[in-house]
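Engineer: First, the structure itself, so that you have it in front of you.
The values are calculated or read from the model by the stated rules, or taken from the named source; none is laboratory data. Since this is a predicted model, take the numbers as computed values, not measurements. Counting neighbours? That spans all protein chains shown, and the Cβs are built from the backbone with ideal geometry, glycine included.
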Amino acid sequence: MRINSDTQLTGVIGYPVKHSLSPAMQNAAFHALKLNWVYLAFEVPPERLREAVSGMKGLGIRGLNATIPHKEALLPVLDDLTEAARQIGAVNTLFWDEDRLVGDNTDAEGFLCALQEAGFEPQNARALVVGAGGSARAIVYALKQAGAAIHLCNRSLDKARPLGDTFGIDSIYPLELERLRPILSTIDLVVNCTSLGMEPDTGSLPPIPLEALPSHAWVNDLVYRPPRTRFLQYAESLGLNVLGGLDMLLYQGAAAFTRWTGETAPLDTMKQALVSAL
Ligand code: NAP
């Protein structure tokens, strides 16, 4: 597809942003559907965020993704927020609703799609969410929406408590092996929402005694660099069901693609592009 005066512009804003896999994934999707659209990475320092949003409005950029450190800072500068963005307290996708620029959060939807496609049904399940940062908020919101019971553990309890207050979490634990062992036999799903195990620190993993889980349990690691973390390898060695973070990345991107274009996202093409980009 040649870039010309009809080409529609989308992209991602972050700081830094050069590591992003989204340009490879979204451009492959546009190409597959023969859409004359392009997706670029914009490195926007925090002090230029408002100008970036004004620029998007002024230039009629069709959609943006947002990543660290802009996800929370975008909340007050948009015309409207979806219920997901409002409750999670973070925006990862900007789209137009007629002339209003709306902030959405497709992480929750991406997480649920990835789980359900893998074969896990969250309704009435008991989940242990590990972490209390930005991604944990999206996962807790998603699991609540899906009707799961949620337990949460985090290194810093003072960061975990606000999630308990906002979302009505069943119980909160410190991230300590022996404190977690007694509840694990009742858990169907463990989700790692910490950065433990992420490159370059691939040798680390959350201190969760996975051997105490029932044999039907699932372990989902949101970390996708590397795609098979040490935590997942540990779960696999116990015969548990595992899911890596790449699928959530794919489905959150697919949801953003649909918000912008109105088209069904070409998932196979997007996944292939992600895997090659990694
Ligand atoms: P964040 O907001 O910075 O939160 C980081 C979390 O990790 C906090 O709970 C923090 O605990 C915990 N943590 C960090 N270092 C730790 C350590 N040494 N020991 C114990 N806990 C530690 O990060 P985030 O945005 O939630 O992202 C977390 C991970 O999810 C990243 O690897 C990110 O790439 C991944 N992610 C993946 C997707 C996807 O689509 N697959 C989407 C979003 C995020 P404290 O509160 O105690 O500091």
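Engineer: Looking at Asp201, Asp221, Asp268, which one is acidic (Asp, Glu) and touching a helix residue (DSSP H, G or I) at 6+ places or on another chain (Cβ under 7 Å)?
Structural biologist: Every option except Asp221 fails the conditions.
Engineer: Also: From (1) within 21 Å of Asp107 (Cβ to Cβ); (2) surrounded by fewer than 21 Cβ atoms within 10 Å (Cβ to Cβ); (3) not aliphatic (A, V, I, L, M), pick out the condition that doesn't hold for Ser5.
Structural biologist: (1)
Engineer: Looking only at residues that are within 16 Å of the ligand (Cβ to nearest atom) and of a type in the set (Val, Ile, Thr) in the stretch 181-199, which one is nearest to Ser156 (Cα to Cα)?
Structural biologist: So in the stretch 181-199, the residues within 16 Å of the ligand (Cβ to nearest atom) come out as 189-199.
Applying the additional criterion that residues be of a type in the set (Val, Ile, Thr) yields 190-191, 194.
Numbers: Val190: 18, Val191: 17, Thr194: 12 Å.
So the residue we want is Thr194.
Engineer: Moving to a separate point now. Just to be sure before I move on: is Glu43 farther than 23 Å from Thr261 by Cβ and either in contact with a His (Cβ under 7 Å, 6 or more places away or on another chain) or at pLDDT 95 or above (or both) in the structure I sent?
Structural biologist: Judged against the criteria, Glu43 is a match.
Engineer: Quick check: anything in the stretch 200-207 buried (at least 17 other Cβ atoms within 10 Å of the Cβ) and more than 11 Å from the ligand (Cβ to nearest atom)? It would help to see each step written out before you state the result.
Structural biologist: First, pick out the residues of the stretch 200-207 that are buried (at least 17 other Cβ atoms within 10 Å of the Cβ): 205-206.
The next check asks that each one be more than 11 Å from the ligand (Cβ to nearest atom); those that pass are none.
No; the residues of the stretch 200-207 include none that is buried (at least 17 other Cβ atoms within 10 Å of the Cβ) and more than 11 Å from the ligand (Cβ to nearest atom).
Engineer: How about the stretch 208-234: which of its residues are assigned to a loop (DSSP other than H, G, I, E, B), more than 10 Å from the ligand (Cβ to nearest atom), free of Cβ contacts under 8 Å to residues at least 60 places away in the same chain and buried (at least 22 other Cβ atoms within 10 Å of the Cβ)?
Structural biologist: Passing the criteria: Leu213, Ala217.
Engineer: Give me the residue from the stretch 235-256 that is part of a strand (DSSP E or B) and hydrophobic (A, V, I, L, M, F, W, C) and, out of that set, nearest to the ligand (Cβ to nearest atom).
Structural biologist: Of all residues in the stretch 235-256, those part of a strand (DSSP E or B) come to 241-243.
Now narrow it down to the ones that are hydrophobic (A, V, I, L, M, F, W, C): 242-243.
Details: Val242: 14, Leu243: 10 Å.
Ranking the candidates gives Leu243 first.
Engineer: If you don't mind, there's one more thing I want to ask. Can you pull out every residue in the stretch 175-194 that is under 23 Å from the mean Cα position of the chain (by Cα) and either modelled with pLDDT under 95 or part of a strand (DSSP E or B) (or both)?
Structural biologist: Once the filter is applied, which keeps residues that are under 23 Å from the mean Cα position of the chain (by Cα) and either modelled with pLDDT under 95 or part of a strand (DSSP E or B) (or both), the stretch 175-194 yields Leu189, Val190, Val191, Asn192.
Engineer: On the given criteria, is Gly244 at pLDDT 95 or above and either buried (at least 18 other Cβ atoms within 10 Å of the Cβ) or over 19 Å from the mean Cα position of the chain (by Cα) (or both)?
Structural biologist: Spelling it out, Gly244 is indeed at pLDDT 95 or above and either buried (at least 18 other Cβ atoms within 10 Å of the Cβ) or over 19 Å from the mean Cα position of the chain (by Cα) (or both).
Engineer: Select from the stretch 58-92 the residues that are over 14 Å from Asp107 (Cβ atoms), small (Gly, Ala, Ser) and surrounded by fewer than 19 Cβ atoms within 10 Å (Cβ to Cβ) and write down the one among them that is nearest to the ligand (Cβ to nearest atom).
Structural biologist: Among residues in the stretch 58-92 that are over 14 Å from Asp107 (Cβ atoms), small (Gly, Ala, Ser) and surrounded by fewer than 19 Cβ atoms within 10 Å (Cβ to Cβ), the one nearest to the ligand (Cβ to nearest atom) is Ala73.
Engineer: Out of Arg155, Arg137, I need the residue that is closer than 26 Å to Cys113 by Cα, charged (D, E, K, R) and within 13 Å of the ligand (Cβ to nearest atom). Which one?
Structural biologist: Answer to the selection: Arg137.
Engineer: While we're on this one: Could you check the stretch 158-180 and list, in sequence order, the residues that are more than 23 Å from Leu213 (Cα to Cα) and within 9 Å of the ligand (Cβ to nearest atom)?
Structural biologist: Listed by number, the residues that qualify are Asp158, Lys159.
Engineer: Okay, next question. Considering only the stretch 16-57, state which residues are touching a Leu at 6+ places or on another chain (Cβ under 7 Å), crowded, with 20+ Cβ neighbours inside 10 Å and closer than 22 Å to Met270 by Cα.
Structural biologist: Leu21, Pro23, Met25
Engineer: Tell me the residue from Ala138, Ala125 that is touching an Asp or Glu at 6+ places or on another chain (Cβ under 6 Å) and more than 22 Å from Ala85 (Cα to Cα), please.
Structural biologist: After applying the criteria, what remains is Ala125.
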